[in-house]
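Student: Once you've had a glance at the structure underneath, I'll fire off some questions.
The values are calculated or read from the model by the stated rules, or taken from the named source; none is laboratory data. Small disclaimer: the values here were computed from a predicted structure and weren't measured. All Cβ positions, even for glycine, are placed from backbone atoms using ideal geometry, and neighbour counts span all protein chains on display.
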Amino acid sequence: MGYIAETADVSERARLGEGTKIWHLAQVREDAELGTDCIVGRGAYVGTGVKIGDNTKIQNYALVYEPAELGHGVFIGPAAVLTNDTYPRSVNPDGSLKSAHDWTPVGVTIAEGASVGARAVCVAPVRIGRWATIAAGAVVTKDVPDFALMAGVPARRIGWVGKSGHPLRQDDGGRPHAWVCPDSGESYIEDNGLLCEAVPEATAGTEERQN
């Protein structure tokens with residue numbers, strides 16, 4: 001069983017996975033889907049039809065507007081915002097108040113393990129890659145590659161991070177495109193501005209023999 005605080009506003013049409021907790025004053029809208037063991041913090045907002053994977057944390061007062069899609073193990077920091085309107089206006093050109101039929105929402109996609117820091121803004125439509133980290137206060141306006149460390153307004157890549165979240169260091173072995181995590185020791189390879197996990201030598205040898 002999960003937990004829903006008395007002051008939370010959770011639609012009967014929302015689907016919550018086993019062990020998911022919704023804290024005080026949070027709102028989860030119709031048709032939102034949350035996986036198992038998620039946490040939605042105080043005052044956070046999850047929009048209509050938003051899809052959220054397992055073990056994801058949405059911290060206090062974060063705003064996740066539809067049609068955002070969050071993978072497993074995503075972290076959304078306090079007061080972060082995932083937008084959904086490319087050309088925001090309150091009114092139409094004739095001065096009439098816009099309704100839901102007068103604009104098309106676009107979503108932010110966040111892949112497995114990625115983190116969005118406190119008060120950061122992700123301007124839809126953008127995709128945040130696997131295990132990427134968006135620094136606090138950054139404004140993301142373009143797609144972010146896997147394992148990228150992004151900061152600034154607009155956000156730009158200032159380094160790489162590993163799965164543990166620690167900034168990677170260049171491999172002391174002298175390989176120019178090799179990176180290593182100081183926390184876990186995991187190795188990564190940079191190629192053409194993208195980063196991927198290095199294949200262990202034993203595994204690589206097995207793959208070669210099979211081919």
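Student: Among what's in segment 131-147 and is within 17 Å of Ala68 (Cα to Cα) and surrounded by fewer than 19 Cβ atoms within 10 Å (Cβ to Cβ), pick the residue that is nearest to the chain's Cα centre (by Cα).
Tutor: Of everything passing the filter in segment 131-147, Asp143 is nearest to the chain's Cα centre (by Cα).
Student: Would you check if there is a residue in segment 149-171 being assigned to a loop (DSSP other than H, G, I, E, B), at pLDDT below 95, in the same structural domain as Thr48 (by TED's automatic domain parsing) and more than 23 Å from the chain's Cα centre (by Cα)?
Tutor: Scanning segment 149-171 turns up no residue that is assigned to a loop (DSSP other than H, G, I, E, B), at pLDDT below 95, in the same structural domain as Thr48 (by TED's automatic domain parsing) and more than 23 Å from the chain's Cα centre (by Cα).
Student: Can you name the residue in segment 52-67 that is farther than 14 Å from Thr83 by Cα and within 13 Å of the chain's Cα centre (by Cα) and is also surrounded by the most Cβ atoms within 10 Å (Cβ to Cβ) among such residues?
Tutor: Ile58
Student: Also, I was wondering about something else. Given the criteria in a loop (DSSP other than H, G, I, E, B), closer than 17 Å to Val116 by Cβ and either at pLDDT 95 or above or of a type in the set (Asp, Glu) (or both), does Gly19 qualify?
Tutor: No; evaluated as a whole, the condition is false for this residue.
Student: A further question on this structure: Please enumerate the residues belonging to segment 33-48 that are more than 16 Å from the chain's Cα centre (by Cα) and within 19 Å of Ala80 (Cα to Cα).
Tutor: Arg42, Gly43, Thr48, listed by residue number.
Student: What about Ala26, is it among the hydrophobic types (A, V, I, L, M, F, W, C), touching a residue at least 40 places away in the same chain (Cβ under 8 Å) and closer than 28 Å to Ala135 by Cβ?
Tutor: no
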